[in-house]
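What follows is one structure encoded as structure tokens, with my remarks underneath.
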Amino acid sequence: MNLQDFNSARVDELRPLLAACCDVPRWVDRILADRPYADLAALTKVADEASRSLTSDEVAQALAAHPRIGDRAEGSSTEAAWSRKEQSGVGDDPAVREALAAGNRAYEERFNRVFLICATGLSATELLTALNHRLTNDDTTEASVVQEELRKIANLRLTKAIT
């Protein structure tokens, strides 16, 4: 979809696409409310601002739509396809997958949420390093990091969607 199509599309057509970028209704509503956009930069600026204002409950809601790092997203949805591509650096090495699974379990026990990282372009080693480093964060720091990672993912996906 190009920007002109995005600006003129019906709201009910755009909601699923935007929810695949960030599954938070207020984020989706904000982007829809500011249409039409003059260019992609204006659109991503609004998305960026909306991402930065998410509450902790909204971040938790968005996280529910993300698979664990190392898990293959199932299905044919846009979000599942994006997730598989974003996590392509994980590879198929059983040792790496086990290390990620163990790290995910430790992270979820420590922070009570799924480990989220903008995985695009990262190797399995980089993902493991980031996961292990973030396990040392305090709760406040990690909440801030999660929100930033979610913002990066949402903007990346939105940019992919509007080509």
Quiz item: Calculated from DSSP H runs of 4 or more alone, at -39500 (n - 2.57) each and per residue, what is the 222 nm mean residue ellipticity of the chain, nearest 500?
Solution: -20500 deg cm²/dmol
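Would you list the membrane-span-like helices of the chain, meaning whole DSSP H runs whose alpha-carbon atoms span at least 27 Å along their axis and whose mean Kyte-Doolittle value is at least -1.0?
Numbers: long enough: 139-161 (33 Å, -0.48).
Taking the DSSP H segments of the chain (at least 27 Å long, mean hydropathy at least -1.0), we get 139-161.
No lab work stands behind these numbers, since they all come straight from the coordinates. Predicted model only: the values in this text are computed from it and were never measured.
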